[in-house]
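Colleague: The structure's right below; bear with me while I get my questions together.
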Amino acid sequence: MYSKIIDKITHEPQLMEFVRFCIVGALCTGIDAAIFYTVRFVACYQVALMTGYCISLLANYFLTVYWTFRIKPSKKNVGSVVVAHLVNLFVVRMGLMWIFVQLCYLPDNIAYIPTLVISVIVNFFLVKIAVKI
């Protein structure tokens, strides 16, 4: 049974692309979260959020381009990916964190979790569009 599922995944290019995206996302999310919670000890959540996101963005770009979507880096796709990530960081993440922390009164270390989940989903679509431009 499991071999049929694995066989189907490995022979469906779009499904395999999504699996690779999830693996890269999990790795980079781990980097992002570790940096966020570490920096949060010495700085406000906004600085921690930007620091973790920007550092994980470097790893994310190269893994996404080379492994997930299997394309070559170019000035065009690096610019598009950076713009997609900046939209995700400043609109989605910062916006959601502000809503959860300032309006819903959640502690920032708790607000980070739903913010992260939502931004990962949005990021998949933004980056997929960006690398295909």
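Colleague: Can you tell me which residues in segment 71-97 are open to solvent by 30 Å² or more (accessible area, probe 1.4 Å), more than 20 Å from Gly52 (Cβ to Cβ) and either in contact (Cβ under 8 Å) with a residue 40 or more places away in the chain or among the aliphatic types (A, V, I, L, M) (or both)?
Modeller: Of everything in segment 71-97, those that are open to solvent by 30 Å² or more (accessible area, probe 1.4 Å), more than 20 Å from Gly52 (Cβ to Cβ) and either in contact (Cβ under 8 Å) with a residue 40 or more places away in the chain or among the aliphatic types (A, V, I, L, M) (or both) turn out to be Ile71, Lys76, Val78.
Colleague: Further question on the same structure: Residue check: is Val101 over 27 Å from Pro13 (Cβ atoms), modelled with pLDDT of 85 or more and outside any helix (DSSP H, G or I)?
Modeller: It is false that Val101 is over 27 Å from Pro13 (Cβ atoms), modelled with pLDDT of 85 or more and outside any helix (DSSP H, G or I).
Colleague: Would a scan of segment 103-110 turn up a residue that is polar (S, T, N, Q), without any contact (Cβ under 8 Å) to a residue 40 or more places away in the chain and open to solvent by 60 Å² or more (accessible area, probe 1.4 Å)? It would help to see each step written out before you state the result.
Modeller: Going through segment 103-110, the residues polar (S, T, N, Q) turn out to be 109.
Restricting the remaining residues to those that are without any contact (Cβ under 8 Å) to a residue 40 or more places away in the chain gives none.
No, segment 103-110 has no match at all.
Colleague: Taking into account only those residues within segment 23-66 that are of a type in the set (Phe, Trp, Tyr) and open to solvent by 30 Å² or more (accessible area, probe 1.4 Å), which is farthest from Leu116 (Cα to Cα)?
Modeller: Among them, the one singled out is Tyr66.
Colleague: So Phe100 ticks every box in (1) more than 18 Å from the chain's Cα centre (by Cα); (2) surrounded by fewer than 16 Cβ atoms within 10 Å (Cβ to Cβ); (3) among the aromatic types (Phe, Trp, Tyr) but one. Which box is left unticked?
Modeller: Checking Phe100 against (1) more than 18 Å from the chain's Cα centre (by Cα); (2) surrounded by fewer than 16 Cβ atoms within 10 Å (Cβ to Cβ); (3) among the aromatic types (Phe, Trp, Tyr), the one that fails is (2).
Colleague: Yes or no: segment 108-123 includes at least one residue that is over 22 Å from Thr38 (Cα atoms) and either polar (S, T, N, Q) or at pLDDT 95 or above (or both). Working first, answer last.
Modeller: Looking only at segment 108-123, we keep the residues that are over 22 Å from Thr38 (Cα atoms), and these are 121-123.
The next check asks that each one be either polar (S, T, N, Q) or at pLDDT 95 or above (or both); those that pass are 123.
There is at least one residue in segment 108-123 that is over 22 Å from Thr38 (Cα atoms) and either polar (S, T, N, Q) or at pLDDT 95 or above (or both).
The values are calculated or read from the model by the stated rules, or taken from the named source; none is laboratory data. Treat the numbers as computed from the prediction; the structure is a model and nothing was measured. No Cβ is skipped: glycine too gets one built from the backbone with ideal geometry, and neighbour counts run over all protein chains shown. Areas reflect the complete protein model, heavy atoms only, side chains present, ligands, DNA and RNA absent. Shrake-Rupley method; radii C 1.70, N 1.55, O 1.52, S 1.80 Å.
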